[in-house]
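Bear in mind these aren't lab numbers, they're just calculated from the coordinates by the rules spelled out. Just so it is clear, the structure is predicted and the values come from calculations on it, not from any experiment. All Cβ positions, glycine included, derive from the backbone under ideal geometry; neighbour counts span all protein chains shown.
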Amino acid sequence: MRFLLLFSRQGKLRLQKWFTPMAEREKKKIIRDMTSMVLARQPRSCNFLHWKDLKIIYKRYASLYFCLAIEDQENELLALEVIHRYVELLDKYFGNVCELDIIFNFEKAYFILDEFLMGGEIQETSKQIVNRCIESSDMLQEDDNRDWFEVELFG
């Protein structure tokens with residue numbers, strides 16, 4: 001995998017994850033190209049595109065487009081499954097995820113992505129294990145916040 005982009009139907013970028021190093025200028029051009037290419041397609045079109053030396057796989061869920069770029073020799077259906085699994089993980093955490101969840105909790109969306117993918121490869125296939133890691137992280141964060149509050153209050 002080269003990159004994963006989430007953008008709205010209006011073309012607003014909501015999340016970006018780059019798995020290979022690129023210059024900022026090149027990233028901006030790719031984002032512009034991807035949003036314009038995907039948004040211009042008909043709703044019943046195939047979810048696979050060829051762009052330069054990459055395959056672009058995208059899927060629309062509600063008002064968000066999930067766009068993934070893979071190498072030419074990689075499996076498109078597996079990439080589509082990666083997108084779907086990420087959406088399932090987001091749904092499990094947020095309870096029917098929407099664009100506002102991503103906007104206001106972008107750090108959690110990135111954290112969930114990082115628990116699922118690492119370096120452009122699937123790190124963990126089990127939804128239950130990923131969800132347990134996310135819950136554990138939330139518990140640690142709550143404990144830290146509670147400790148900080150007690151220090152401030154009683155310090």
Exercise for review: Would you check which residues across segment 115-132 are assigned to a helix (DSSP H, G or I) and surrounded by fewer than 16 Cβ atoms within 10 Å (Cβ to Cβ) and list them?
Suggested key: LYS127, GLN128, ILE129, ARG132
Point to revise | Any helices (runs of 4 or more DSSP H) falling wholly within segment 1-114 and containing at least 2 residues that are of a type in the set (Ser, Thr, Tyr) and out of contact with any His (no Cβ under 9 Å at 6 or more places or on another chain) | key: 24-39, 76-94
Revision key, fill the gap. Conditions (1) touching a residue at least 40 places away in the same chain (Cβ under 8 Å); (2) within 14 Å of PHE7 (Cβ to Cβ); (3) surrounded by fewer than 19 Cβ atoms within 10 Å (Cβ to Cβ) -> CYS67 fails only (3)
**Study point:** Candidates GLU81, GLU99, GLU115, GLU107 - the one that is in contact (Cβ under 8 Å) with a residue 40 or more places away in the chain and of a type in the set (D, E, K, R)
**Key:** GLU99
Check your understanding: Residue check: is ARG32 in contact with a Ser or Thr (Cβ under 6 Å, 6 or more places away or on another chain) and surrounded by 12 or more Cβ atoms within 10 Å (Cβ to Cβ)?
Key -> no
Review point. Are any residues in segment 15-47 farther than 12 Å from PHE3 by Cβ and of a type in the set (A, V, I, L, M), and if so, which ones?
Key: ALA23, MET37, VAL38, LEU39, ALA40
